[in-house]
Each structure stands twice: as C-alpha cells, then as structure tokens.
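Beneath this line is the structure, given in structure tokens, with notes to follow.
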Amino acid sequence: MAILHLDDLADAATTKRLVVKVGSALLVGSDGQPRREWLAGLIEEVAEMAARGQQVVIVSSGAIALGAARMGLAKGGRASLADAQAAASVGQIALAGLWSALLQDRGLGAAQMLVTLGDLEDRRRYLNAASTLGRLLEAGFVPVVNENDSVATEEIRFGDNDRLAARVAQAAGADAVLLLSDVDGLFDRNPAHNGAVLIPHVDGINDEIRAMADAGSASGMGSGGMTSKLQAAEIAERAGIALAIINGTRQRPISAAIAAGLGTVFRTQRRDAGRKAWLGGRLDVRGRLTVDDGCSAALLTGSSLLAAGICAVDGAFSRGDVVAVCDGAGKTVAQGLAEYSADECRAIMGMREAAQHRQLGYAPRPAVIHRDHLVVL
C-alpha cells in the first residue's frame, strides 16, 4: 500500500518500518541541556507505534551540542574541527545514555549505531549496516543512529542528518522517513515571507520544487535546511521510500502534525532495485562526465554510457569510482561506476570503439559506465 497522507505514517499496514530524524535544535536547548519533557513526549509516541506493530529507527543529532556544553566550548563546539570532534566524543556518550534511559522508561531497548559516510558508500559495509539494522528491529530494539562526528571530516561526512536518515532508511528497508523540522513542511517560498503556502504533498521532485527550498538552518545549531531535506527525499524516492516533513517543535510532534494535517509528504514515484537504489543515493561523487544530447537521451532509455557521447571530463577519479553524468546545460542526469580512470576517459572521449583501441593500446571495455552500474536521476 502506498503512503499518500500523513496519517499513513501511524498505520502499521502502510508503514511497518519508519525512520524518524531528530535535529539538534529540537533535542538540545539553548543552554546545552537535553529538552527532556519534549523528548519524553516523542518517545511516548515511539512506544505507541511499537504497540501498533511498527518498527522505528531514530536518527539523532545532538552529540556535538551536548558535548560542547559539558566541555564549555565556544560556538557550540563548532569553532574548529578539533573542537567539533572532541565535543562529539563527549556528547556521544551522553546522547546514547539519554536515549537509552528514556526508551527504557517506556519498556523499549535502545541500540547505538555510529556511522560514517564510508560505511554507507562502500557496498560491503552498507550491507553489513543493513544486516545489523534488520536484526535489531526484528529483536524489538530501537536503533539510534548518528554520524560518527568524532572521526568524520568535511571531506568524508554526510554533513547533515537529513540525507543520513534517507540512506539509513534504504539500508533498513524502511517504508518511510519522517524529518522533524522547525517548520510545518515545504512551502512554495520561504515561510518567513507573507503569503507562503504549505505544499501538502509532492509527486516527484523537479526544478520547480527545488526552487521552493531555502538552504538556511534557522536555529544556527543544525547543518541542513530545506535543500538538504529535498536531497533526502530524492535519495529515499529512488528506493520507493516515502518521506515526510513535519514541525517537530510541538509536544508529541507526530500526533500533533497528523491531527492538524500539517506537513509535506513526498510520495514515491519509482522503486529501483537494491543495488541501484544504493548507487543512486551515493553522495561521494569523484568526477563529472559531460555528454552530448544524443547520449543524454539514450541514457534515459536505459542505454550504457559510451565514450563516443562524452564531451568533457572533470575531476580525478579511478576505475570503480562514482561519477556524475551531466548534459550540455550542466544538469546531472545520471550517476554510476566508471569503468575507466579520468585520464583514460579524457583520452578516449568522443571516440568510437576502433579508435579507442588504437588510442589505449588494448581492447576497450564495452562502456564507460555500463547500464547495470548506472542510475538515471
């Protein structure tokens, strides 16, 4: 059954497995202390879901904010990378203990999972994470997932828990992702502007929808705005996973949003197979191939990417790295695993097979990106 409305999220028949993302500004007050009353209300809702037969994964921010308060660090622990990593190390213990204690009060067991970008970008590690999540959920535990900020750097991190939640949902085989925000959902313009209208549901993300997003994070504590939430929705959608955005600032926020009918549901439009869903959600793109119009059109019909259609090569990538495929206007139309390095792609771009053989000095591979390793975005 498809998830079409907010109230479907509370129905075990449509949403057996749900990922709930909680941001720092909701979990931690301006004083650096946990907002225990608000958290107790949310966990009460999680317990009610469990009683209905639903399984819940929580993606929780807050480690850096909690750790910074304990260490007395300036700028919420974000003055430097060293401060952020140290604060995360201290805060992760506090965060795990907080969730564990509150869930236990409701008769639920908690499990902590700290992941890095590489854990979900590497296929084998991704499958290991998926197996762990599945086993925990089957055993009746609530996995609490966070990015491992104590070791992550700017080059190897998700950067926001919106996209992390979508990737975790893919790994967990979830039916839906619920992002708790500081606004009611996606508006047709910045909700601070007069006349802004809430969009109750979105059937496919396009340029018009992307133009509605505001990239800022109002709290100053989080790292993602509406743009990151739309990116999360695109990742989820490729795996046939619905995504919803609601206002998390209210007490018992899920029940409040459902009762008021306030939120945005991004309905699924496609369901890629497991490997392609994982590939389409990968964020660590190492280079870019620009293709001509004929090649771009062929990719949309399921063809492999051939060297003859490549017009330009950017980046320094190796065979097996993920690269973006862009049309002449610079729009990313696909991404996939390259069969050649960047230098080899530059050497053979625009060439047909016979010319490639002469240029490379060996028989060329069937494609630069084989269709089995390519996802149209």
Problem - Residue among 151, 142, 115 that is surrounded by 24 or more Cβ atoms within 10 Å (Cβ to Cβ), of a type outside the set (Ser, Thr, Tyr) and in the same structural domain as residue 20 (by TED's automatic domain parsing) - result: 142
Practice task
Please find, among 328, 361, 281, the residue that is within 26 Å of residue 160 (Cα to Cα) and at pLDDT below 95.
Solution key: 281
Practice task
Consider residue 235 carefully, then state whether it is within 17 Å of the chain's Cα centre (by Cα) and either modelled with pLDDT under 95 or of a type in the set (Ser, Thr, Tyr) (or both).
Solution key: yes
Problem - Criterion (without any contact (Cβ under 8 Å) to a residue 60 or more places away in the chain and part of a helix (DSSP H, G or I)) met by exactly one of 312, 347 - result: 347
Problem - Residue in region 358-365 that is surrounded by 15 or more Cβ atoms within 10 Å (Cβ to Cβ), assigned by TED's automatic domain parsing to the domain that holds residue 296 and under 18 Å from residue 292 (Cβ atoms) present - result: no
Problem - Filter result (surrounded by fewer than 20 Cβ atoms within 10 Å (Cβ to Cβ) and within 17 Å of residue 141 (Cβ to Cβ)) within region 9-42 - result: 16, 17
Completion exercise
When region 70-93 is checked residue by residue, the ones that are buried (at least 17 other Cβ atoms within 10 Å of the Cβ), farther than 23 Å from residue 181 by Cβ and not β-branched (Val, Ile, Thr) are 73, 83, 85, 86, 87, 89, 92
Problem - Number of positions in region 170-198 that are under 14 Å from residue 229 (Cα atoms) and touching a residue at least 60 places away in the same chain (Cβ under 8 Å) - result: 11
Exercise for the section: Report whether or not residue 372 is closer than 27 Å to residue 120 by Cβ, of a type in the set (Asp, Glu) and in a loop (DSSP other than H, G, I, E, B). Expected result: no
Problem - Subset of region 129-149 [under 23 Å from residue 162 (Cβ atoms) and either among the aromatic types (Phe, Trp, Tyr) or not in a strand (DSSP E or B) (or both)] - result: 129, 130, 132, 133, 134, 136, 137, 148, 149
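The values are calculated or read from the model by the stated rules, or taken from the named source; none is laboratory data. Keep in mind it's a predicted model, so treat the numbers as computed, not measured. In this analysis, Cβ positions are derived from the backbone assuming ideal geometry, glycine residues included, and neighbour counts consider all displayed protein chains.
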